[in-house]
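Asks: Before we start, here is the structure in question, set down as structure tokens.
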Amino acid sequence: MKKLLPALLLLLGTTIACEQQPTATTEATAPATIETDTTTTQNQEAEAVRVMHAMFDAFNRHDLDAMQALYADDALFVSPEMPEPVVGAQHVKTIYGPLFEMAPDVKDEVIHYIHNGDEVAVEFISTGTVENISPDDPIEMKGRKFELRIFARLKVKDGKIVEDVSYFDQMAFLQQLGLTE
């Protein structure tokens with residue numbers, strides 16, 4: 001799967017090059033080529049994967065400082081539980097701190113990831129048990145276990161996450177917490 005995108009791009013490039021072959025009525029020109037620095041792309045991919053693994057390792061240790069250090073100062077966060085996207089590494093603590101407080105055993109398990117250039121798409125399962133609730137939360141939440149499948153796209157630049165876009169089924173999460181039927 002990791003090599004599917006480059007193969008598709010190669011196929012597309014070959015198709016375009018074939019369509020640009022000279023005909024009897026056109027002047028022959030060399031087909032356009034896209035030059036890529038393979039080493040740069042490989043380095044970007046390796047760095048993006050390294051940062052992704054470091055982020056999940058820090059998450060599973062509940063190390064907010066280590067997580068925040070992996071994000072650029074102007075990192076963009078997009079997730080269904082947020083009414084609007086937010087910008088700034090400082091949001092790591094406001095996003096994940098309450099989760100770690102609510103479910104002290106929360107862990108993420110990476111199921112699958114693919115990468116291309118400076119981006120990593122990762123599928124993971126987040127599991128935990130609600131132990132601490134705020135006075136505004138229904139008491140029925142306490143002790144509830146959850147297992148949530150999540151998809152995220154991380155973009156990495158200069159060793160820092162600059163975009164973290166996540167998707168998950170909010171309704172499934174609320175049902176597991178006993179907040180909906």
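Asks: Restricting to the range 151-181, name every residue that is part of a helix (DSSP H, G or I) and surrounded by 13 or more Cβ atoms within 10 Å (Cβ to Cβ).
Replies: Residues of the range 151-181 that are part of a helix (DSSP H, G or I), as a first pass: 170-176.
Gln170, Ala172, Phe173, Leu174, Gln175, Gln176, listed by residue number.
Asks: Kindly provide the set of residues from the range 139-168 that are of a type in the set (Val, Ile, Thr) and within 17 Å of the chain's Cα centre (by Cα), ordered by number.
Replies: Going through the range 139-168, the residues of a type in the set (Val, Ile, Thr) turn out to be 139, 150, 156, 161-162, 165.
Hits for the range 139-168 are Ile150, Val156, Ile161, Val162, Val165.
Asks: Looking only at the range 107-150, count how many residues are surrounded by 14 or more Cβ atoms within 10 Å (Cβ to Cβ), touching a helix residue (DSSP H, G or I) at 6+ places or on another chain (Cβ under 6 Å) and within 15 Å of Leu177 (Cα to Cα).
Replies: Qualifying residue count for the region: 4.
Asks: Among the residues of the range 69-80, how many are surrounded by fewer than 18 Cβ atoms within 10 Å (Cβ to Cβ) and more than 13 Å from the chain's Cα centre (by Cα)?
Replies: Of all residues in the range 69-80, those surrounded by fewer than 18 Cβ atoms within 10 Å (Cβ to Cβ) come to 69, 73-74, 76, 78-80.
If we keep only those that are more than 13 Å from the chain's Cα centre (by Cα) too, we end up with 69, 73-74, 80.
Residues that pass the stated criteria total 4.
Asks: For Leu9, state whether it is at pLDDT below 50 and surrounded by 11 or more Cβ atoms within 10 Å (Cβ to Cβ). Steps first, please.
Replies: Working: at pLDDT below 50: yes; surrounded by 11 or more Cβ atoms within 10 Å (Cβ to Cβ): yes.
Yes: the conditions hold for Leu9.
Asks: Is it the case that Glu101 is part of a helix (DSSP H, G or I), in contact with a Gly (Cβ under 7 Å, 6 or more places away or on another chain) and modelled with pLDDT of 95 or more? Walk me through it before giving the result.
Replies: Working: part of a helix (DSSP H, G or I): yes; in contact with a Gly (Cβ under 7 Å, 6 or more places away or on another chain): no; modelled with pLDDT of 95 or more: yes.
Criteria not met by Glu101.
Asks: Any residue in the range 149-164 that is of a type in the set (Lys, Arg), farther than 30 Å from Thr41 by Cβ and at pLDDT 95 or above? Quick ask: steps written out before the conclusion?
Replies: First, the residues of the range 149-164 that are of a type in the set (Lys, Arg): 149, 153, 155, 157, 160.
Remaining after also requiring farther than 30 Å from Thr41 by Cβ: none.
The answer is no, given that none of the residues of the range 149-164 is of a type in the set (Lys, Arg), farther than 30 Å from Thr41 by Cβ and at pLDDT 95 or above.
Asks: Out of all the residues in the range 85-97, is one or more touching a residue at least 24 places away in the same chain (Cβ under 8 Å), in contact with a Ser or Thr (Cβ under 9 Å, 6 or more places away or on another chain) and among the β-branched types (Val, Ile, Thr)?
Replies: no
Asks: Checking Gly128 against (1) part of a strand (DSSP E or B); (2) small (Gly, Ala, Ser); (3) modelled with pLDDT under 95, which test does it fail?
Replies: (3)
Asks: Right, another one. Would you call Ile95 in a loop (DSSP other than H, G, I, E, B), of a type outside the set (Phe, Trp, Tyr) and surrounded by 16 or more Cβ atoms within 10 Å (Cβ to Cβ)?
Replies: Numbers: in a loop (DSSP other than H, G, I, E, B): no; of a type outside the set (Phe, Trp, Tyr): yes; surrounded by 16 or more Cβ atoms within 10 Å (Cβ to Cβ): yes.
No; evaluated as a whole, the condition is false for this residue.
The values are calculated or read from the model by the stated rules, or taken from the named source; none is laboratory data. Everything quoted here is computed from the prediction, not taken from an experiment. Cβ: placed from backbone, ideal geometry, glycine included. Neighbour counts: every protein chain shown.
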